[in-house]
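Encoded as structure tokens, the structure appears first; notes follow it.
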């Protein structure tokens, strides 16, 4: 759901060999199913497209959950002491008629039932969801329902299905014990709860511009360009320009850096050692990857952790807060080059103690890979170690679902990934000619607008307009336009609305896919514009 691994190499899952793992799966006889609005590069390469309307994945997942939870084995799982709230989630799914799912997704009821039967008849099924759904209006509910679907089909914590990293579980317990990611602050704007100690980027401009207690007056931006990556760029520029202090730590001066009071040079990935801890819970191989610095640092560049440690000490707010030893640890992290010297030594020590395989020496240490049967009843950080499939924070979701109407005849805007870029790489690197900056459209829609290939088209939303060349692209659904996020020439985020009404209330994620948009040929022509779709959910 909402992923295109042939281009992205699979977001949030580190696969050995990247996307080639799907080639190997297919060669073994596995079937792939890609639920998407368009025929993506992945669906074209590996087959199995199930085409749905933009933002409708949650209805399909709930329908599958309803159909696959009707058998006796699944009813027994509702009473399983290892899970909580499954019955409430199933009540929601059972209350949505399949006719409603068909209207929202565009899938015939027979096709929904057929997909459910194929899933139910398969011994091992892995379910995965990524950015294309997370950036919709129901990302959190869709994700919870997908995990429940894995559970009721017997694929949760099972080989061939959803596995969990024991290292990730251990890291979660350590972080909770240290008070990390446990904040329960709420935002001044919109009353959003923190997620991983963070507030929604969609309210950042208002948190800066709205006077009062806890108004943001200073910012440090690390390896990012929020003026290009967060919707509502015009309001953000006003907000950043009003800050008392804006510090940017980066490899180059980006759009946000142009407004910075201080621009600090960061070391590149070649100039610093790396200890790939954040990726451990996401990978399927038995390797903690490390690397030494490959070249000396240039000029006065510094590693990010050194800069942050020294800044935090300078303002009397050491990293790790009030934890015992926080000041001493922060001081150590701030020492220039200390981590670069330690990582190779720790790698060698770890290799000698826990590994010994000559093939991994100097660049990694063997660690446990995810194992089936190691999570249910053991891993969750909840009372009783039970997996929660419902929580009080979800109680508002049924009403939000009920307020949505089937899509209308207008156009909607979708994002896409680029093969040589990444969602957060907003640089001006060389790309594949004009193709990377083009608006993809269905050929029939281009003919209806009187457009030839590479003619410029104007896209308009409630936030403004922009123009770019249009390309007819096979596989693009009618009445959709597809444009890349992070393009250096044209910033699609200027068309996406920000602010409280456009933020998913649970995760704090902005609504960035399936946004209504008007489409018409760019000036000098000035015909009546093709309408944008009406907002499907209120």
Practice problem: For an R0 of 41 angstrom, estimate the FRET efficiency from the Cβ-Cβ distance between residue 109 and residue 443 and round to the nearest 0.05. | Solution: 0.90
Quiz item: Among rounded, prolate and oblate, which fits the range 298-337 when a ≥ b ≥ c are the square roots of the eigenvalues of its C-alpha gyration tensor, a/c under 1.5 means rounded, and a/b larger than b/c means prolate?
Solution: prolate
Quiz item: Going highest first, how would you order 474-485, 92-103 by mean Cβ packing within 10 Å?
Solution: 474-485, 92-103
Exercise. For the chain, divide the Cα radius of gyration by the Kirkwood radius and give the resulting Rg/Rh value with two decimals.
Key: 0.96
Practice problem: Sort 245-252, 32-39 for me by packing, meaning the mean count of neighbouring Cβ atoms within 10 Å per residue, highest on top. | Solution: 32-39, 245-252
Quiz prompt | Packing rank of 318-324, 300-306, where each peptide gets the mean count of other beta carbons within 10 Å, highest leading | solution = 300-306, 318-324
Self-check item: the chain: calculated mean residue ellipticity at 222 nm from DSSP helix runs of at least 4, using -39500 (n - 2.57)
Solution: -8500 deg cm²/dmol
Self-check item: FRET efficiency, 1/(1 + (r/R0)^6) with R0 30 Å, evaluated for residue 245 and residue 378 via beta carbons
Solution: 0.05
Practice problem: Pop a pseudo-label 7 angstrom from the Cα along the beta-carbon direction at both residue 352 and residue 182 and give the gap in nm to one decimal. | Solution: 3.6 nm
Self-check item: Cα gyration tensor category, rounded, prolate or oblate, for the range 84-205 with a/c compared to 1.5
Solution: oblate
Quiz prompt | Nitroxide proxy distance, nm - points 7 Å out along Cα→Cβ at residue 238 and residue 317 | solution = 2.6 nm
Exercise. Report the extension gain between residue 388 and residue 218 in nm, rounded to one decimal, defined as 0.36 nm multiplied by the number of residues separating them, less their alpha carbon distance.
Key: 57.4 nm
Quiz prompt | Extension reserve of the residue 369-residue 20 stretch, reckoned as 0.36 nm per residue once the Cα distance is removed | solution = 123.7 nm
Quiz item: Length gain on complete extension for the stretch residue 500 to residue 70, per 0.36 nm per residue less the alpha carbon to alpha carbon distance?
Solution: 151.0 nm
Quiz item: At a Förster distance of 56 Å, what's the computed FRET efficiency of residue 294 paired with residue 123, Cβ-Cβ distance as r, to 0.05?
Solution: 0.80
Practice problem: Please work out whether the range 227-353 counts as rounded, prolate or oblate from its C-alpha gyration tensor, where a ≥ b ≥ c are the square roots of the eigenvalues and a/c under 1.5 means rounded, while otherwise a/b larger than b/c means prolate and anything else oblate? | Solution: prolate
Exercise. Provide the percentage of antiparallel DSSP beta bridges, counting only those with both residues in the chain; round to the nearest 5.
Key: 45 percent
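Coordinate-derived values only; no laboratory data. These numbers come from a predicted model, not from an experiment. For neighbour counting, all protein chains shown are included, and Cβ atoms are generated from backbone atoms with ideal geometry for every residue, glycine included.
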